[in-house]
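Chemist: Provided herewith is a single structure, encoded as structure tokens, for subsequent inquiry.
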Amino acid sequence: MAESKKLAERIRMYRERLEMSVETLAEKSGVAADVIRALEADEAYPALGILTKLAHGLGQRLGTFMDDQFTPDPVIVRGDARKGEAATHKAAISGGFSYFPLGRGKTDRHMEPFYIEIAADAPASLSSHEGEEFIVVVSGEVELVYGKETFLLKPGDSMYYNSVVQHLVRAANGKPATIYAVIYMPL
């Protein structure tokens, strides 16, 4: 089953288990009802910020939507095996970002670690959600807009911030970039 289809089914399943309408989830999560309908119909795959908001609105960990199986500690993801775990976002909602979950299978985790490839022309929009984020630039240059400030990060640079502040991350200077990101979102 395709990754996006699994995600679509999980969002719908958790919403229905809570006997929540699409409109109620939209209100609780801050994600537009038409976006939720598109996700549940597998017409789009959400950006990480949208998925984080939906997880919070449903009272779930972000990883709940990505896990298929339990893996005992320690969870090790080899660099050359990362591609097999890719959750590539396919719609205009999140085009240009490829997320590779690095904590899949650790069911008791409190953080969500990712390796993220950002296309040179990937559109980005401001988002905010409860929690914290930590990013490390691996390659390319990354522009981070945080509140009213803009920062340029180069390979080896990192930033740790409160994600309730409006923020966006995008590739800088018209070239692709890669980052490691760890997201913490309280339930």
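Chemist: So for the stretch 80-93 (the condition being at pLDDT 80 or above, of a type in the set (A, V, I, L, M) and in contact with a strand residue (DSSP E or B) (Cβ under 7 Å, 6 or more places away or on another chain)), does at least one residue qualify?
Modeler: Looking for residues that are at pLDDT 80 or above, of a type in the set (A, V, I, L, M) and in contact with a strand residue (DSSP E or B) (Cβ under 7 Å, 6 or more places away or on another chain), one finds none in the stretch 80-93, hence no.
Chemist: Is it the case that some residue within the stretch 130-140 is surrounded by fewer than 18 Cβ atoms within 10 Å (Cβ to Cβ), under 14 Å from Leu62 (Cα atoms), touching a helix residue (DSSP H, G or I) at 6+ places or on another chain (Cβ under 7 Å) and modelled with pLDDT under 95?
Modeler: Yes, some residue in the stretch 130-140 is surrounded by fewer than 18 Cβ atoms within 10 Å (Cβ to Cβ), under 14 Å from Leu62 (Cα atoms), touching a helix residue (DSSP H, G or I) at 6+ places or on another chain (Cβ under 7 Å) and modelled with pLDDT under 95.
Chemist: Let me ask something additional. Exactly one condition in (1) modelled with pLDDT of 90 or more; (2) hydrophobic (A, V, I, L, M, F, W, C); (3) in a loop (DSSP other than H, G, I, E, B); (4) surrounded by 20 or more Cβ atoms within 10 Å (Cβ to Cβ) is false for Ala44; which is it?
Modeler: Answer for Ala44: the failing condition is (1).
Chemist: Between a residue in the stretch 116-130 that is outside any loop (DSSP other than H, G, I, E, B) and any residue that is basic (Lys, Arg), which pairs come within a Cβ distance under 7 Å, given they are 6 or more apart or on different chains?
Modeler: Going by the 7 Å Cβ cut-off, the qualifying pairs are Ile118/Arg170.
Chemist: Sticking with this one: Working carefully through the options Tyr99, Tyr160, Tyr180, find the one that is modelled with pLDDT of 95 or more, part of a strand (DSSP E or B) and within 28 Å of Lys28 (Cβ to Cβ).
Modeler: Tyr160
Chemist: Quick one: which of Glu23, Glu19, Glu9 is of a type outside the set (A, V, I, L, M, F, W, C), closer than 24 Å to Ser98 by Cβ and outside the structural domain of His129 (by TED's automatic domain parsing)?
Modeler: On the way: Glu23 fails: closer than 24 Å to Ser98 by Cβ; Glu19 fails: closer than 24 Å to Ser98 by Cβ.
After applying the criteria, what remains is Glu9.
Chemist: Which of the numbered conditions does Phe114 fail, given that it passes all the others? Conditions: (1) at pLDDT below 85; (2) farther than 14 Å from Ile11 by Cβ.
Modeler: (1)
Chemist: Any idea how many residues of the stretch 102-115 are of a type outside the set (A, V, I, L, M) and either not assigned by TED's automatic domain parsing to the domain that holds Ala172 or not in a loop (DSSP other than H, G, I, E, B) (or both)? Reasoning before the result, please.
Modeler: Keep residues of the stretch 102-115 that are of a type outside the set (A, V, I, L, M), which gives 103-110, 112-115.
Still in the running and either not assigned by TED's automatic domain parsing to the domain that holds Ala172 or not in a loop (DSSP other than H, G, I, E, B) (or both): 112-115.
Adding up the residues that qualify gives 4.
Chemist: Return a yes/no flag: does the stretch 109-128 have any residue that is surrounded by 18 or more Cβ atoms within 10 Å (Cβ to Cβ) and of a type in the set (Lys, Arg).
Modeler: no
Chemist: Could you figure out which of (1) at pLDDT below 90; (2) outside the structural domain of Arg109 (by TED's automatic domain parsing); (3) out of contact with any helix residue (DSSP H, G or I) (no Cβ under 9 Å at 6 or more places or on another chain) isn't true of Ile50?
Modeler: (3)
Chemist: List the number of the failed condition for Val31; all other conditions in (1) modelled with pLDDT under 85; (2) among the hydrophobic types (A, V, I, L, M, F, W, C); (3) assigned to a loop (DSSP other than H, G, I, E, B) hold.
Modeler: (1)
Chemist: Being surrounded by 18 or more Cβ atoms within 10 Å (Cβ to Cβ) and either of a type outside the set (Gly, Ala, Ser) or within 12 Å of Ala177 (Cα to Cα) (or both) is the filter here; which residues of the stretch 94-108 pass it?
Modeler: Gly96, Phe97, Ser98, Tyr99, Phe100, Pro101, Leu102, Arg104, Lys106
Chemist: Let me ask something else about it. Hey, can you tell me all the residues within the stretch 169-187 that are closer than 20 Å to Ile50 by Cα, aliphatic (A, V, I, L, M) and surrounded by 16 or more Cβ atoms within 10 Å (Cβ to Cβ)?
Modeler: Those that are closer than 20 Å to Ile50 by Cα, aliphatic (A, V, I, L, M) and surrounded by 16 or more Cβ atoms within 10 Å (Cβ to Cβ): Val169, Ala171, Ile179, Ala181, Val182, Ile183, Met185.
The values are calculated or read from the model by the stated rules, or taken from the named source; none is laboratory data. As the structure is a prediction and not an experimental result, all values here were calculated from the model. When we count neighbours, we look across all protein chains shown, and the Cβ atoms used for this are built from the backbone with ideal geometry, even at glycine.
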